[in-house]
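Peer 1: Provided herewith is a single structure, encoded as structure tokens, for subsequent inquiry.
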Amino acid sequence: MNHTSNTLLTLALSLMTCSAATGSSQPSGHSIIEHQTQGVAVHVNYLSDDIVHVVKYPATSDMPKHHSYSVILSQGKAEHPNVRVSIDSVTGCLTYCNREGELLLRETGTPMLEERTQGAAIGQLRIGQKWQLTEDEDIYGLGQLHDTAISWRGREMLLWNHNTYIAIPYVTSSKGYGLYWDNAGKSRFSDSAEGMQFTSEVSTCIDYYIIYHDGTQDGVMAAVRQLSGQATMMPLWTMGHWQCRERYKTSDELAAVLDRYRELEIPVDGIVQDWQYWGCDSNWNAMSFQNPYYINKVGDPQWERYLPDDLRQMAAEYKAQGKQPRLKSPEEMVEYVHRSNAHLMISIWASFGPWTRPYREMQKAGALLPFDTWPRNKGVMPYDPFNPKARDIYWKYLSHLYRMGFDAWWTDSTEPDHFNESDSTDCYMTHDGPWLSVKNAFPLMTNRGIYEHQRATRGNHKRSVQMTRSGTFGLQRYGTFSWSGDISASWKEMKSQVPSGLNYSLCGIPYWNTDLGGFFYWEYDNDPHNPALQELQTRWMQWGTYMPLMRNHCSSPMVSELYAFGKKGDWAYDAMVDAIRMRYRLLPYIYSMMGEVVQHSGTMMRPLVMDFANDVKARRLNDEYMFGHALLVKPVTDPLYTWRDEKKKGHLIYPDVKQASAPVSVYLPAGTQWYDFYTGQCHKGGRTVQRPTPISDMPVYVRAGSIIPIGPDVQFSSEQRWDSLTLRIYPGADGTFTLYEDEGDGYGYEQGQYSEIPFSWDNNSRTLNIGQRSGSFPGIILSRQFFITLPDGSSRTIRYEGKEISVHL
């Protein structure tokens, strides 16, 4: 390793200063700089025009190896760098500017490189780095931290995953840059007058990335996906409505819920088999059906030992009455769900009970972690997903469920649950080192193992789908979305979920959702007839229409099926069904958003800093966001029509809730006009409006210039082809939209088997231009009808054959 002299003049020959002009002083596309000062070695290189990689380590040693779980872009070069870097030859601090020389970020202070002398990872380093932010700058990201904050200025946060708390050491700035601190171990973020800082308990070096493209968050996001992996397409059906509960205790119960939804014409695409289909806790996560209720073995002494405790009384009654199940095997359950035009997700965990075959095989491989995990006191242990052999074993036992035809995996407890954490448990050794140094990558490695094995399965014809309770930078590349964990049903909780999801999305992971209504319903006595709960559930379901995924769930003994809250004609029931139906009408818009995510590094759930960074009021709002580029969403997070007393009983404020219409305050960002999505009323931006909000809808506004495709009113996503779509045009500005389509499942899109139809609206001439369709895929719709409508009621119907056409309105 050759080190240059410690002078700024020499360094400038290899690394641009912020004041250097573009031209001869620009570094070569793969320039590397080595610098030493005050006992610290600094290594800087470009991975692309938008990404700078920085490594710091003690100057007394050679540059150490540092394994990254999240970063896949290990080499690259810059042709025309968008980030300029300078170094202070005395302090070794780096400064980052854009190509125009405007300051982005500056290091400050002395980096921490402190050798560990006790506990886990003796001989490695505690590390830390500070940066100086500008006073008016806002900082976002850090994952899903179960907090009402949208900006992390002036805050200190522990970055250590647990249930409901997904910590990601990535931040992005309102100035349009991102910073990824590459450490999977216990870390901390803080911001104060002394600077913004990341620290980590264990590492071989400081390792971080500066990301900047053109000052926009979309530019940052594209580079984040380049650095950590592109997102995968989810199947079309996952964008529909999911019904889920903890738990359906028999296959007949699950089938009966699906039957009821079809009978009542409540649209649904996914239903979920939660835990204990394997039986009792000692048989935890056997990944096979050994619960007698699922295999027609109730009353069989050989299988009685597997009965969960809460089913033993029911089993005795079942046997005494001579009952026979309608569905006698898990294969029949899967077939029945598919015959009912739905899809089936199944719960799998990152831990195993001592009765299971995976447990015994993992134990022989030394691939179990001796944690106190859930369920407690049953001998259950998490496995070590950092061990490649353990990931192979995991799929070995999961694969037969795949062959049964299950459509998606619910990878629960991927933090994992870990009770009684201490300094000694931090020292537990995984395949890759002490727990203290790797824990936050646990969900990434668990879902990686499933995704890679399913993709490698011969004859695999469907997209791998995993829903996981945690997350890691880069998770999007493994067919995985996160849900926010086991949260409580409350208005306070709902308020924290909105900014939590927004900050999580800014970390590059586009698919996220909550349990609609929450998971634990203690504050309402688990009573779906409680009117205070009905209002909360209704508002959360309405919000779900505008989440990346829409999934209803709850914890036992609560039941979350819509018909538990009432019947047709009841205000809560009608509003929730309408919210689901609106979700399905929006599927062409939503699926096109997902196409943009995958093909163009887009973001579905967009914090306002992404589109209105110059509107300070907008970018600091923690309760509004853009759903795609067109829709401004303001979830209703306060009760308007009910109240709850000290005994948890709910009461109506208005005798007839359907006739009430209380106002909700909504800020409309500056620089554009906004249309009320439900009423069509137009408003100027840059001001707050009081939006009358009946229980039947919620505040959603459309940006002027938007083009929104509206699909058919269906019961499941594939019920009707999109051969007749409504196009809603919102005048007031020019605008564009691209309709994305593919087969709806499978990986043909990776080979270019998809189509895009570009639309553009010219506001001055009031002309809609529909461009030539590009691309193709099996089953493509070659001829279709577009019904074009404007808020003033004017409309046209045209036939589109894939060729360019213009329509004047």
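The values are calculated or read from the model by the stated rules, or taken from the named source; none is laboratory data. Being a predicted model, the structure only gives us computed values, none of them experimental. With ideal geometry, Cβ positions are generated from the backbone for all residues, glycine too; neighbour counts draw on all protein chains shown. Note: areas computed on protein heavy atoms with side chains; ligands, DNA, RNA excluded. Shrake-Rupley method; radii C 1.70, N 1.55, O 1.52, S 1.80 Å.
Peer 1: Take segment 585-626 and flag every residue that is open to solvent by 40 Å² or more (accessible area, probe 1.4 Å) and under 30 Å from residue 784 (Cα atoms).
Peer 2: Selection gives 585, 596, 599, 600.
Peer 1: Could you tell me whether segment 515-522 includes any residue that is open to solvent by 10 Å² or more (accessible area, probe 1.4 Å), hydrophobic (A, V, I, L, M, F, W, C), closer than 24 Å to residue 561 by Cβ and assigned to a loop (DSSP other than H, G, I, E, B)?
Peer 2: Restricting attention to segment 515-522, the residues satisfying the condition of being open to solvent by 10 Å² or more (accessible area, probe 1.4 Å) are 519-520, 522.
Of the ones still in play, those that are also hydrophobic (A, V, I, L, M, F, W, C) are 519-520, 522.
The next check asks that each one be closer than 24 Å to residue 561 by Cβ; those that pass are 519-520, 522.
Of the ones still in play, those that are also assigned to a loop (DSSP other than H, G, I, E, B) are 519.
Within segment 515-522, one or more residues are open to solvent by 10 Å² or more (accessible area, probe 1.4 Å), hydrophobic (A, V, I, L, M, F, W, C), closer than 24 Å to residue 561 by Cβ and assigned to a loop (DSSP other than H, G, I, E, B).
Peer 1: Residues that are modelled with pLDDT of 95 or more, over 24 Å from residue 568 (Cα atoms), within 27 Å of the chain's Cα centre (by Cα) and not aromatic (Phe, Trp, Tyr): does segment 248-256 have at least one?
Peer 2: no
Peer 1: If you don't mind, there's one more thing I want to ask. Within segment 145-198, which residues are over 28 Å from residue 350 (Cα atoms), open to solvent by less than 30 Å² (accessible area, probe 1.4 Å) and among the β-branched types (Val, Ile, Thr)?
Peer 2: 150, 171, 172
Peer 1: Something else: When the residues of segment 112-124 are narrowed to those that are assigned to a loop (DSSP other than H, G, I, E, B) and open to solvent by 40 Å² or more (accessible area, probe 1.4 Å), which ends up nearest to residue 436 (Cα to Cα)?
Peer 2: Start the filter on segment 112-124 by keeping residues that are assigned to a loop (DSSP other than H, G, I, E, B), which leaves 116-124.
If we keep only those that are open to solvent by 40 Å² or more (accessible area, probe 1.4 Å) as well, we get 117-119, 122-124.
Numbers: 117: 15, 118: 13, 119: 10, 122: 12, 123: 14, 124: 12 Å.
Within segment 112-124, the match that is nearest to residue 436 (Cα to Cα) is 119.
Peer 1: Working carefully through the options 139, 127, find the one that is more than 28 Å from the chain's Cα centre (by Cα), open to solvent by less than 20 Å² (accessible area, probe 1.4 Å) and either of a type outside the set (Ser, Thr, Tyr) or over 28 Å from residue 509 (Cα atoms) (or both).
Peer 2: Values: 139 fails: more than 28 Å from the chain's Cα centre (by Cα).
When all the criteria are applied, what remains is 127.
Peer 1: Can I ask one more? When segment 220-258 is examined, which residues are found to be among the hydroxyl-bearing types (Ser, Thr, Tyr), part of a helix (DSSP H, G or I) and under 19 Å from residue 336 (Cβ atoms)?
Peer 2: Scanning segment 220-258 gives a single hit, 251.
Peer 1: Quick check on this structure: which one of 229, 270, 240, 215 is of a type in the set (Gly, Ala, Ser), touching a Ser or Thr at 6+ places or on another chain (Cβ under 9 Å) and on the phi > 0 side of the Ramachandran plot? If you could, list the steps in order and put the result at the bottom.
Peer 2: Numbers: 270 fails: on the phi > 0 side of the Ramachandran plot; 240 fails: on the phi > 0 side of the Ramachandran plot; 215 fails: touching a Ser or Thr at 6+ places or on another chain (Cβ under 9 Å).
None of the others qualify; the one that does is 229.
Peer 1: Pairs only if they're at least six apart or on different chains, beta carbon under 8 angstrom, first in segment 252-267 and within 19 Å of residue 331 (Cβ to Cβ), second small (Gly, Ala, Ser) and buried (at least 19 other Cβ atoms within 10 Å of the Cβ); list them, first residue then second.
Peer 2: Close Cβ pairs satisfying both conditions: 258/342.
Peer 1: Looking for whichever is under 23 Å from residue 282 (Cα atoms), touching a Ser or Thr at 6+ places or on another chain (Cβ under 7 Å) and of a type outside the set (Asp, Glu) here; the options are 356, 373. Which one fits?
Peer 2: On the way: 356 fails: touching a Ser or Thr at 6+ places or on another chain (Cβ under 7 Å).
Residue meeting the stated conditions: 373.
Peer 1: Among the candidates 796, 728, which residue alone is out of contact with any Gly (no Cβ under 9 Å at 6 or more places or on another chain) and either modelled with pLDDT under 95 or buried (at least 17 other Cβ atoms within 10 Å of the Cβ) (or both)?
Peer 2: On the way: 796 fails: either modelled with pLDDT under 95 or buried (at least 17 other Cβ atoms within 10 Å of the Cβ) (or both).
That would be 728, the only listed residue that is out of contact with any Gly (no Cβ under 9 Å at 6 or more places or on another chain) and either modelled with pLDDT under 95 or buried (at least 17 other Cβ atoms within 10 Å of the Cβ) (or both).
Peer 1: Pairs please, first residue from segment 707-729 and under 23 Å from residue 259 (Cβ atoms), second anywhere and surrounded by 16 or more Cβ atoms within 10 Å (Cβ to Cβ) and among the acidic types (Asp, Glu), Cβ atoms under 8 Å, 6+ apart in sequence or on different chains.
Peer 2: Once the first residue is under 23 Å from residue 259 (Cβ atoms) and sits in segment 707-729, its partners that are surrounded by 16 or more Cβ atoms within 10 Å (Cβ to Cβ) and among the acidic types (Asp, Glu) give 716/269; 717/269.
Peer 1: From the residues in segment 259-294 that are open to solvent by 10 Å² or more (accessible area, probe 1.4 Å) and assigned to a helix (DSSP H, G or I), which one is farthest from residue 577 (Cα to Cα)?
Peer 2: Top of the filtered list is 282.
Peer 1: Starting from segment 537-555, keep only residues that are over 21 Å from residue 505 (Cβ atoms), then list their pairs with residues that are among the acidic types (Asp, Glu) whose Cβ atoms are within a distance under 7 Å, requiring at least 6 positions of separation or different chains.
Peer 2: 554/246; 554/515; 555/246
Peer 1: Taking only segment 188-219 into account, find how many residues are outside any strand (DSSP E or B) and either of a type in the set (Phe, Trp, Tyr) or in contact (Cβ under 8 Å) with a residue 40 or more places away in the chain (or both).
Peer 2: So in segment 188-219, the residues outside any strand (DSSP E or B) come out as 193-194, 204-205, 213-219.
Narrowing further to those that are either of a type in the set (Phe, Trp, Tyr) or in contact (Cβ under 8 Å) with a residue 40 or more places away in the chain (or both): 194, 204-205, 213-219.
Result for segment 188-219: 10.
Peer 1: Which one is nearest to residue 512 (Cα to Cα) among residues in segment 550-563 that are open to solvent by less than 10 Å² (accessible area, probe 1.4 Å) and part of a loop (DSSP other than H, G, I, E, B)?
Peer 2: Residue satisfying both the conditions and the ranking: 553.
Peer 1: How about segment 564-607: which of its residues are more than 27 Å from residue 727 (Cβ to Cβ), outside any helix (DSSP H, G or I) and in contact with a His (Cβ under 9 Å, 6 or more places away or on another chain)?
Peer 2: 565, 566
Peer 1: Just give me the residues in segment 167-187 being farther than 18 Å from residue 71 by Cα and either of a type outside the set (D, E, K, R) or in a strand (DSSP E or B) (or both), in sequence order.
Peer 2: Across segment 167-187, the qualifying residues are 173, 174, 176.
Peer 1: Return the total of residues in segment 315-353 being open to solvent by less than 80 Å² (accessible area, probe 1.4 Å), in a loop (DSSP other than H, G, I, E, B) and modelled with pLDDT under 95. If you could, list the steps in order and put the result at the bottom.
Peer 2: Within segment 315-353, the first condition is being open to solvent by less than 80 Å² (accessible area, probe 1.4 Å), and the residues that meet it are 315-316, 318, 322, 325, 327, 329-330, 332-334, 336-338, 340-353.
Now drop any that are not in a loop (DSSP other than H, G, I, E, B), which leaves 322, 325, 327, 329, 340-342, 350, 353.
Now narrow it down to the ones that are modelled with pLDDT under 95: 322, 325.
Looking only at that region, the number is 2.
Peer 1: So which of 228, 251, 173 ends up being hydroxyl-bearing (Ser, Thr, Tyr) and farther than 29 Å from residue 745 by Cβ?
Peer 2: Numbers: 228 fails: farther than 29 Å from residue 745 by Cβ; 251 fails: farther than 29 Å from residue 745 by Cβ.
None of the other options fit; the residue is 173.
Peer 1: Just one of (1) farther than 19 Å from residue 788 by Cβ; (2) in contact with a strand residue (DSSP E or B) (Cβ under 8 Å, 6 or more places away or on another chain); (3) open to solvent by 60 Å² or more (accessible area, probe 1.4 Å) trips up residue 686, so point out which.
Peer 2: Residue 686 satisfies all of (1) farther than 19 Å from residue 788 by Cβ; (2) in contact with a strand residue (DSSP E or B) (Cβ under 8 Å, 6 or more places away or on another chain); (3) open to solvent by 60 Å² or more (accessible area, probe 1.4 Å) except (3).
Peer 1: State which residue pairs qualify: first residue of a type in the set (Phe, Trp, Tyr) and inside segment 465-489, second residue open to solvent by 10 Å² or more (accessible area, probe 1.4 Å) in any location, beta carbons under 6 Å apart, and separation of 6 or more residues or different chains.
Peer 2: Sorted first by the residue in segment 465-489, then by its partner, the pairs are 478/448; 478/451.
Peer 1: Just the residues that are free of Cβ contacts under 8 Å to residues at least 60 places away in the same chain and surrounded by fewer than 15 Cβ atoms within 10 Å (Cβ to Cβ), please, taken from segment 627-653. Show your work before the answer.
Peer 2: Here is the first cut: in segment 627-653, the ones free of Cβ contacts under 8 Å to residues at least 60 places away in the same chain are 628, 645-647, 653.
Listed by number, the residues that qualify are 645, 646, 647, 653.
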